[in-house]
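Let me begin by presenting the structure, written as C-alpha cells, before commenting on it.
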Amino acid sequence: MNKINYHSPAASLAPDMKIFELIDAYPVLLSVFSRLGITLPFGDISVEQMCRRDGHSPELFLLLCRMHIDTSFRPRPSELREDMLLSVVGYLRATHRYYTDYMLPHAGEHLDEILSYCDELSRSMLTKFYSDYVSYIREHLEEEEQTIFASVESAAAGERLNLASLEVPHSDIDDRTNDIASLIIKCLPEAAPTQLRCAMLSHIYALRDDLRRHYNVEVALLRPLIAQTINTSKQ
C-alpha cells in the first residue's frame, strides 16, 4: 500500500518563500511556471506576491509545486477547495500542451540527429517506433481532454458528473516509454554517438517522469476535487 506523505521536504514550502529561493532549491519547478504562463523576472517577490500578481491561488500553486517535487506527497483533504477544480483542469491542459509542443518535438529533434548515423533498416525501425509512440501519447492526451476535462468543465456549468466514468489508464505509457528507451540503449549501431543517445534518453526519461507526475495530479488532486464537488452537489 502506498504511504500517504503529508510531511515530505516539499511540505515546507510556504507563501512567504521568495521565488528565487524556491527555484534555486527546486529547479525542476521551472516547467510548472511555464505551464502556468508565469514569466521571469521575479525580482525579490514572494510566492504569494507572485500569485496575486498573476492571478493564481497561492494555495493551489504550492500544492502543485509539492506534488511536482515529491510524487509521494498528497494534499490533505482540508487543503482542497471546490474553486480549485477548474484551475487544476487548466493546469493539466497546459501540461498536455507542454508535452505536445515542447517535450515530444524536442526529443524528436535528437532522434533526427541520431538517424543520420543509422543504416536504412535501423532508421526505418526507429522512425516508425517513435512515430507510433508519439501518436499513442497524443491519442491518450486527446482522450483525457475529451472525457475527463470536458466532463469536469461541463459539470462546473451545472451538468451531472459521474466519477466512475473518469478513468483513463496510464500504465501503457510507462511500458512504451521504457520500450523506446531500451531500443535506443540496446539496438542502435555504434556509429550513433553516445552523447546523442544520452541526450535523447534524457528527454525520454524526463517525459516519462513528468507523465507520472501528471497522473499523480489527476489521481491525488483532480479526482478528490471532483468527488468533493459531487458530494457538495448532493447535499
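Just so it is clear, none of the values below were taken in a lab; they were calculated from the coordinates. Just so it is clear, the model here is predicted, and its values are computed rather than measured. Using ideal geometry, Cβ is built from the backbone for each residue, glycine included, and neighbour counts are taken over all protein chains shown.
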Counting Lys +1, Arg +1, Asp -1, Glu -1, what net charge surrounds R212 among other residues with beta carbon under 14 Å of its beta carbon? -4
Between the modelled labels at S202 and D16 (7 Å from Cα along Cα→Cβ) the distance in nm is 3.8 nm
How do 52-63, 211-222, 114-125 rank on mean C-beta neighbours within 10 Å, highest first? 211-222, 52-63, 114-125
Listed residue (L63, A192, S124) projecting farthest to the positive dipole end of the chain, Cβ model: L63
Computed lengthening from R52 to Y102, 0.36 nm per intervening residue step minus Cα-Cα distance: 15.2 nm
Between T194 and S72, with labels modelled 7 Å along Cα→Cβ, what's the label distance in nm to one decimal, could you check? 3.3 nm
Pulled fully out, how much extra length does the chain show between D179 and A25, if you take 0.36 nm times their separation in residues and subtract their Cα-Cα distance? 52.2 nm
To the nearest 20 debye, what charge dipole does segment 9-79 have about its Cα centre, counting +1 at the Cβ of each Lys and Arg and -1 at the Cβ of each Asp and Glu? 220 debye
Summing +1 per Lys or Arg and -1 per Asp or Glu among the other residues with Cβ less than 10 Å from K18's Cβ gives -4
Distance between segment 94-115 and segment 175-235 - C-alpha centres, whole angstrom: 13 Å
Can you figure out the FRET efficiency of K128 with D209, using R₀ = 41 Å and their beta-carbon distance, to the nearest 0.05? 0.95
Nearest-20 debye value, the chain charge dipole, Cβ charges on Lys, Arg, Asp, Glu: 600 debye
Given the -39500 (n - 2.57) contribution per DSSP H run of 4+ residues, what per-residue ellipticity at 222 nm results for the chain, rounded to the nearest 500 deg cm²/dmol? -19500 deg cm²/dmol
